[in-house]
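Presented below is the structure to which this report refers.
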Amino acid sequence: MATTFRASKKPRILIIGAGLMGLWPAVFLARKGAHVTVLEAARAPQGASWAAAGMLAPASEAGETDEAAGPMQAFGAYSLSLWHDWAKSFAAAGQDINWRPFGAILSAFDDAGLERLERTQRMAETLGLGPQRLNLAAAHRLEPALSAQVRGTLHIPGEASVDPRRVLAALQVMLAEAGGRVVVNHKVVAITQAQGGVRVRCANGTVFTTDRVLVAAGFLTGAIEGAGALAAYLQPVKGQMLALDVPQNPVRAVMRDAHAYIVPRGDGRIIIGATSEPGISDIATDETTIANLKANAVTVVPALMQARITDCWAGVRPKSVDGLPIIGHLWDDGRVLVHCGHHRNGVLLAPASAEIMADLILEKDPAPFAAAFSPARFSIC
Ligand SMILES: Cc1cc2nc3c(=O)[nH]c(=O)nc-3n(C[C@H](O)[C@H](O)[C@H](O)COP(=O)(O)OP(=O)(O)OC[C@H]3O[C@@H](n4cnc5c(N)ncnc54)[C@H](O)[C@@H]3O)c2cc1C
């Protein structure tokens, strides 16, 4: 591994992808004095990070996936604790990210749902999120619009939500203030070795030479020459979403059951999600699917029946084959690193994941649990 990087006065770091996994480490590194450039293929960041609901839900989400419970959920709880500090930093910087630390209410309508609540409750207890089973009267005191048909309710006061689009915008402002830049319309096609550094070539012919490269191109990370070894370990998982216009917001917490989640933004909109379509990487939406998602949400909060759908969209989650994020060195010489594979929890995990990434790039020892997320587990570096 190169040894001169940390000593370099203003190391050049090129980051591929202006989603959360690119921008968050970019801010860290620019604030540490690095010369940071983020290359983004699109006209503006519009990947999974832009599409996301923004739930910060290490326990609620645990019931949704086959991800290995151990490192992932503890990592999520740690990242949620960092979010509380970051929420203050965003506010102090004058950035409104729609921070809503108002918890989550999970509902069950059948036996399978009740079992799921029990599992989630145990997980939330382990993570210290203060879960409480509520009877209907208690649940209605918190959320009067909750369906009277629920058979069980779990309150997780420790969970929260943000608006990821606002977070992306805020990170770009913070990056610019720290001296970094985002260059849009630059799709990277290849990363190759160069004398004393790394060369990055874009589809438009532009070539950059840099000291370190961080590949954070979401589910497309493995499509770039030089990071192609990852292609076999990453899978796209499409998610469709919709927004409802709600002049008077009927809910305060994130509300969910096994079939839908409802995320109030507090700005006249409610976000409802989401499908999980493994192997699909287009971002088309389907009218019937969107109508079904809304119907599922209406089961939980009947008052949403009248609300108008104002928007629908889709994003593609980057999922690794084992469901864990991929954070670490990709090339043996330490010059190319990767930050992707956060699947359903990238918004939640972004602060903790960026912390590991920045430590690795700055050649500091990362937190011990970072080893579980290293690309070395796939024997590709
Ligand atoms: C519908 C949906 C709902 C979600 N809800 C939540 C949630 O509530 N909570 C949560 O924690 N997580 C959620 N997620 C997951 C989360 O959004 C992702 O895990 C996370 O945003 C991934 O971030 P990323 O930076 O790796 O990828 P992306 O955000 O996709 O960013 C990758 C960027 O790289 C760019 N790029 C790609 N190829 C190239 C190239 N060759 N050159 C240059 N740039 C390139 C892309 O244009 C894109 O801007 C959701 C995801 C979806 C799709």
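To the nearest ten degrees, helix 20-31 and the longest principal axis of the Cα atoms of the chain are 50 degrees apart.
Within the listed set LEU142, LEU349, LEU242, the Gaussian network model of the chain (springs between alpha-carbon atoms below 10 Å) gives the highest mean-square fluctuation for LEU142.
Enumerate by residue number the trypsin sites (Lys or Arg not before Pro) in region 79-158 meeting two conditions: DSSP loop (anything except H, G, I, E, B), and at most 16 other Cβ atoms within 10 Å of the site's Cβ. Don't skip to the end; give the middle numbers.
Details: sites: LYS88, ARG116, ARG119, ARG122, ARG133, ARG141, ARG151; in loops: ARG151.
Passing sites in region 79-158 are ARG151.
When shorter helices are ignored and each DSSP H run of at least 4 residues is given -39500 (n - 2.57), the per-residue value for the chain at 222 nm works out to -9000 deg cm²/dmol.
A dipole drawn for the chain from +1 and -1 charges on Cβ atoms has a positive end, and of VAL300, HIS84, ALA53 the residue lying farthest that way is HIS84.
Considering only ILE16, LEU29, PRO101, whose Cα is most displaced toward the positive end of the charge dipole of region 9-106, charges sitting on Cβ of Lys, Arg (+1) and Asp, Glu (-1)? Ranked along the dipole, the leading option is LEU29.
Selection among ILE309, LEU362, PHE373 by position relative to the dipole of region 259-381 gives ILE309 as farthest towards the positive end (Cβ unit charges, Cα centre). Its Cα centre serving as origin, region 193-281 has a Cβ charge dipole (Lys and Arg +1, Asp and Glu -1) of approximately 140 debye.
For the chain, the longest principal axis of the alpha carbon atoms and the long axis of helix 111-126 meet at an angle near 50°.
Cα centroids of region 97-163 and region 204-229: how far apart, whole angstrom? The two parts, judged by their Cα centres, are 41 Å apart. Of the solvent-accessible surface of the chain, computed with a 1.4 Å probe and all protein chains present, 51% belongs to carbon and sulfur. Within the listed set ASN249, ASN296, ASN135, the residue fluctuating most in the Gaussian network model of the chain (springs between alpha-carbon atoms under 10 angstrom) is ASN135.
Each Lys and Arg adds +1 at its Cβ and each Asp and Glu adds -1 at its Cβ; summed about the Cα centre, region 41-114 shows a dipole of about 480 debye.
Accessible area per residue for region 254-381 in Å², computed with a 1.4 Å probe and the full protein assembly in place, what is it? Display every interim value, and only then the final one.
Numbers: 4660 Å² over 128 residues.
Accessible area per residue: 36 Å².
Of ARG344, ARG308, ARG165, the residue with the greatest mean-square motion in the GNM of the chain, using alpha carbon springs below 10 Å, is ARG308.
Could you give the accessible area per residue of region 86-194, probe 1.4 Å, as a whole number in Å²? Write out the running numbers ahead of the final one.
Details: 4990 Å² over 109 residues.
That works out to 46 Å² for each residue.
About the Cα centre, and with charges only on the beta carbon of Lys, Arg (+1) and Asp, Glu (-1), how big is the dipole of region 252-381? Nearest 20 debye, please.
On the way: 12 positive and 14 negative charges, 107 e Å.
Value, rounded to 20: 520 debye.
Keeping all protein chains in place and using 1.4 angstrom, which order do ASP163, ASP286, ASP333 fall into by accessible surface area, from largest down? Intermediate values should be presented prior to the final figure.
On the way: ASP163 10, ASP286 70, ASP333 35 Å².
So the residues, ranked largest to smallest area, are ASP286, ASP333, ASP163.
Scaled to the globular estimate 2.2 N^0.38 Å, the Cα spread of the chain, given as radius of gyration, is 0.99. Note on region 253-381: the alpha carbon radius of gyration divided by the globular reference 2.2 N^0.38 Å gives 1.35.
Taking a threshold of 30 Å on the Cα-Cα distance, which of the pairs LYS187/LYS294; LYS187/LYS238; LYS32/LYS187; LYS9/LYS187; LYS32/LYS88 fall above it?
Details: LYS187/LYS294 35 Å; LYS187/LYS238 21 Å; LYS32/LYS187 26 Å; LYS9/LYS187 28 Å; LYS32/LYS88 20 Å.
Those over the limit are LYS187/LYS294.
The values are calculated or read from the model by the stated rules, or taken from the named source; none is laboratory data. The shown structure was predicted, so the numbers you read here are calculated from the model rather than taken from an experiment. Every residue, glycine as well, gets a Cβ built from its backbone with ideal geometry; the counts of neighbours run over all protein chains shown. In case anyone asks, the SASA skips ligands and DNA or RNA and just uses the protein heavy atoms, side chains included. Shrake-Rupley method; radii C 1.70, N 1.55, O 1.52, S 1.80 Å.
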